[in-house]
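Following: one structure in structure tokens, then a few remarks.
The values are calculated or read from the model by the stated rules, or taken from the named source; none is laboratory data. The model shown is predicted, which means the values in this text are computed figures rather than measured ones. All Cβ positions, even for glycine, are placed from backbone atoms using ideal geometry, and neighbour counts span all protein chains on display.
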There are 2 protein chains.
Amino acid sequence: MHTIYSADHKLQDGKFELIDGQLLPPFECPKRAENVLDRINEVGLGAVSGPGDFGLDPVRRIHDVDFVDFLRTAHDEWRAAHGDTDALPLNWPCRGFRQVIPESIDGRLSYYSFDAGTPITAGTWTAITASANVALTGAKMLKDSGDRAVFSLCRPPGHHAAKNLYAGYCFFNNVAVAAQWFRDNGAAKVAILDVDYHHGNGTQMIMYDRSDVLFVSLHAHPTQEYPFFLGYEDETGDGEGAGFNLNFPMRWGTAWDVYSQSLDKGIARIAEYAPDILLVSLGVDTFKKDPISHFKLESEDFTEIGRRIEALGLPTHFVMEGGYAIDEIGVNTVNMLAGFEET
Amino acid sequence: MHTIYSADHKLQDGKFELIDGQLLPPFECPKRAENVLDRINEVGLGAVSGPGDFGLDPVRRIHDVDFVDFLRTAHDEWRAAHGDTDALPLNWPCRGFRQVIPESIDGRLSYYSFDAGTPITAGTWTAITASANVALTGAKMLKDSGDRAVFSLCRPPGHHAAKNLYAGYCFFNNVAVAAQWFRDNGAAKVAILDVDYHHGNGTQMIMYDRSDVLFVSLHAHPTQEYPFFLGYEDETGDGEGAGFNLNFPMRWGTAWDVYSQSLDKGIARIAEYAPDILLVSLGVDTFKKDPISHFKLESEDFTEIGRRIEALGLPTHFVMEGGYAIDEIGVNTVNMLAGFEET
């Protein structure tokens, strides 16, 4: 399987995220992608190449223009106001507040985010545009090559980002940008399977009223886990999209026995939908040793996930999302890809 | 002027707040109230006494039952999940998210808050119930004594807290609780004048559809300043409350020349309303040396604010809100009270 990778991801290297009441070095760190890349090379999964430059138009097909503009200049404005530190927001326009865009940089950080775990650094803009290009290059390669699968080793991840919201380590929603690219380049129907531990709220929000993109997500139950306020079973899509959003929330402690049943149901729905392309939001934070998660998957379970995804027989674009057990992120990620390849 | 004060405020002594991208010792700290108390005694403003116990019913007249229950047990639940640290939330249910109440303590912190600057500590519950009692005791004393004014030295402050939201150092909205107590005890109409640097979004949200409580707020413009998403001039009340909410947002750098014009307009509206009682949300973070604010009031300007409030001729209940220039908070606060007294 071909992997797309850009070293520019290393420029997203925040000092802190707010978690468990503390500012800790971000769990979402450069070493994650490096370890996945090392494992790809170690097992000889396939060639690795860099991204092309697709410009911002494909990103703007998903994200609002003002949001993209904000991200481009946010750290410069922050630096002018606060000095050369990472930018974190101050507060959030929750229920009862107006959705107005403030002038000040602190106000705009607050407007465009929904957590304090996602620092904007001097290198964020370069890293997130590279990450989107990694996704887009993978999409184009899958289409042009006729290969069964391509892996976009995106970092920062994307699935929490909505049209005009960043958070959860995510800025641009790479998988949504790639899905839209497939739609704009000949695919009539696209499915996204999100196996990250956390609900892909951003992808759901973006695709919620669309029937041309089926979204299926397996994740920790939002009543227990981040992002808390989306990811319930009864969120099934709206308007044109009614019936095209499928959530499988599972309780803390979920292991393969329960997980695999949800996986099979999700895969069955994708088969029924019969998309031209399948995208996979590939997170491995369902792993039993993940430091911020509460599922119990074993390393070999990721191989089996790859096998079952392959059985759909679809052109498949894997797009990297989360996974914070640094030492095993390479093994677990590549297990899924190799599971797909082996059959 | 009589002051109500409880030493229980000292139990709200958080380790950190998230501000300017860092976790810093909270600007809202015990020394604030201590310095105000010292200055009261130094100038002999009047007697100081402790609060009575009004129970939770008057608090529940303003805040939702589930919100009050949450605050009571939040730190115990946090400690069970995370150990004996201060509780800070993780993310927030912003636009596009559902307003569902999660099971997990992290999820409920996220649901009930709108910033990460307001730690819940082991002592928070005791401190906030004491602070509400300080406000209620002041209200009852004003009514029973026939005095022209009473000062409730509340800490934590309250004006950012809404029916089921805490943030901005505020948990229970002391001034709203006191205003409701006046309404429930014979006052037909009550006005609240908020002179804190920050918009009193909580008080506005609570009273927005009511004509029996006039809310007038002078504050930094929300397009520049926290809380960013309320406090605009065009927020004038809703339904029954239409015309009974009056905001004077002012730009960074505002000094007495501009401030005093807004003050006079606000006071004129209160005079026209002719309430039975005036409550003042007394913040002194409009001071030129305030470390987190951008107005330019001088210490003697607070004396003049007190004089102009007094000129309304109304029974007046001063309720302490913000002010973070520790060294001058006593002088500035007592200047306002003494300005009221001198005439």
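Each row is one residue, and each column tells you yes or no for (1) more than 18 Å from A:ALA139 (Cβ to Cβ); (2) within 14 Å of chain B (Cβ to nearest Cβ).
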{"residue": "A:PHE172", "(1), (2)": "no, no"}
{"residue": "A:LYS189", "(1), (2)": "no, no"}
{"residue": "A:ASP196", "(1), (2)": "yes, no"}
{"residue": "A:THR203", "(1), (2)": "no, yes"}
{"residue": "A:LEU214", "(1), (2)": "no, no"}
{"residue": "A:ALA220", "(1), (2)": "yes, yes"}
{"residue": "A:TYR226", "(1), (2)": "yes, yes"}
{"residue": "A:GLY253", "(1), (2)": "yes, yes"}
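Of all residues in region A:325-343, those that are without any contact (Cβ under 8 Å) to a residue 40 or more places away in the chain and within 23 Å of A:LEU279 (Cβ to Cβ) have Cβ atoms under 9 Å from Cβ atoms of residues that are among the aromatic types (Phe, Trp, Tyr) and buried (at least 19 other Cβ atoms within 10 Å of the Cβ), 6 or more apart or on another chain, in A:ASN335/A:PHE302; A:GLY339/A:PHE302. Here A:PRO58 meets the list (1) within 14 Å of another protein chain (Cβ to nearest Cβ); (2) modelled with pLDDT of 95 or more; (3) surrounded by 14 or more Cβ atoms within 10 Å (Cβ to Cβ) almost entirely, failing just condition (1). Scan region A:162-199 for residues that are within 24 Å of A:ASP276 (Cα to Cα), of a type outside the set (A, V, I, L, M, F, W, C) and part of a strand (DSSP E or B) and report the count. Of the residues in that region, 1 qualify. Is it the case, given these coordinates, that A:ASP276 is touching a Lys or Arg at 6+ places or on another chain (Cβ under 9 Å), of a type in the set (Asp, Glu), under 23 Å from A:PHE172 (Cα atoms) and more than 14 Å from chain B (Cβ to nearest Cβ)? No; evaluated as a whole, the condition is false for this residue.
Scanning region A:168-198 for residues that are more than 11 Å from the chain's Cα centre (by Cα) and at positive phi gives a single hit, A:GLY186. Restricting attention to region A:268-289, the residues being surrounded by fewer than 19 Cβ atoms within 10 Å (Cβ to Cβ) and under 15 Å from A:PHE248 (Cα atoms) number 2. Taken over region B:89-107, the residue count meeting the criterion of being part of a helix (DSSP H, G or I) and crowded, with 24+ Cβ neighbours inside 10 Å is 2. For the subset of region B:76-88 comprising residues that are assigned to a loop (DSSP other than H, G, I, E, B) and acidic (Asp, Glu), which member is nearest to the other protein chains (Cβ to nearest Cβ)? Per the criteria, the residue is B:ASP86. A Cβ distance below 6 Å, combined with a sequence gap of six or more or placement on separate chains, defines the contacts here; from region B:123-152, residues that are within 13 Å of B:ALA7 (Cα to Cα) reach residues that are surrounded by fewer than 20 Cβ atoms within 10 Å (Cβ to Cβ) and aliphatic (A, V, I, L, M) in the pairs B:GLY123/B:LEU11; B:THR126/B:LEU11; B:ALA127/B:LEU11. All conditions but one from (1) within 8 Å of chain A (Cβ to nearest Cβ); (2) crowded, with 24+ Cβ neighbours inside 10 Å; (3) in a loop (DSSP other than H, G, I, E, B) apply to B:THR118; the one that does not is (1).
Residues are listed down the side, and each one gets a yes or a no for (1) within 14 Å of chain B (Cβ to nearest Cβ); (2) in a loop (DSSP other than H, G, I, E, B):
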position	(1), (2)
A:ALA74	yes, no
A:ALA122	yes, yes
A:THR129	no, no
A:ASN133	no, no
A:ASP144	no, no
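Hey, does region B:251-258 have a residue that's over 30 Å from B:PRO30 (Cα atoms) and of a type in the set (D, E, K, R)?
Just the residues of region B:251-258 that are over 30 Å from B:PRO30 (Cα atoms), to begin with: B:257-258.
Within this subset, residues satisfying the condition of being of a type in the set (D, E, K, R) are B:257.
Yes, some residue in region B:251-258 is over 30 Å from B:PRO30 (Cα atoms) and of a type in the set (D, E, K, R).
Of all residues in region B:121-133, those satisfying the criterion of being surrounded by 22 or more Cβ atoms within 10 Å (Cβ to Cβ) and of a type in the set (Val, Ile, Thr) are B:THR124, B:ILE128, B:THR129. Scanning region A:94-110 for residues that are within 24 Å of the chain's Cα centre (by Cα) and facing chain B (nearest Cβ under 7 Å) returns A:CYS94, A:SER110.
Return the residues of region A:265-299 that are of a type in the set (Ser, Thr, Tyr) and touching a residue at least 40 places away in the same chain (Cβ under 8 Å); say none if nothing qualifies.
Start the filter on region A:265-299 by keeping residues that are of a type in the set (Ser, Thr, Tyr), which leaves A:273, A:281, A:286, A:293, A:299.
Once the filter is applied, which keeps residues that are of a type in the set (Ser, Thr, Tyr) and touching a residue at least 40 places away in the same chain (Cβ under 8 Å), region A:265-299 yields A:TYR273, A:SER281, A:THR286, A:SER293.
Among the conditions (1) modelled with pLDDT under 95; (2) surrounded by fewer than 19 Cβ atoms within 10 Å (Cβ to Cβ); (3) not aromatic (Phe, Trp, Tyr), A:GLY21 misses just one, which is (2).
Checked against (1) surrounded by 18 or more Cβ atoms within 10 Å (Cβ to Cβ); (2) touching a helix residue (DSSP H, G or I) at 6+ places or on another chain (Cβ under 8 Å); (3) of a type in the set (A, V, I, L, M, F, W, C); (4) within 20 Å of A:ASN174 (Cα to Cα), A:ILE40 passes all but a single condition, namely (4). If you go through region A:61-72 and pick out every residue that is part of a helix (DSSP H, G or I) and within 30 Å of A:GLU341 (Cβ to Cβ), you end up with 0.
To keep it simple, each residue is scored yes or no on (1) surrounded by fewer than 24 Cβ atoms within 10 Å (Cβ to Cβ); (2) of a type outside the set (Gly, Ala, Ser); (3) under 28 Å from B:SER113 (Cβ atoms).
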position: A:LEU153; (1), (2), (3): no, yes, no
position: A:LYS163; (1), (2), (3): yes, yes, yes
position: A:ALA179; (1), (2), (3): no, no, no
position: A:ASP212; (1), (2), (3): yes, yes, no
position: A:ALA220; (1), (2), (3): no, no, yes
position: A:GLU233; (1), (2), (3): yes, yes, yes
position: A:ASN247; (1), (2), (3): no, yes, yes
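Please specify each residue of region A:102-125 satisfying the condition of being under 22 Å from B:GLY202 (Cβ atoms) and touching a Lys or Arg at 6+ places or on another chain (Cβ under 8 Å). Once the filter is applied, which keeps residues that are under 22 Å from B:GLY202 (Cβ atoms) and touching a Lys or Arg at 6+ places or on another chain (Cβ under 8 Å), region A:102-125 yields only A:PRO102.
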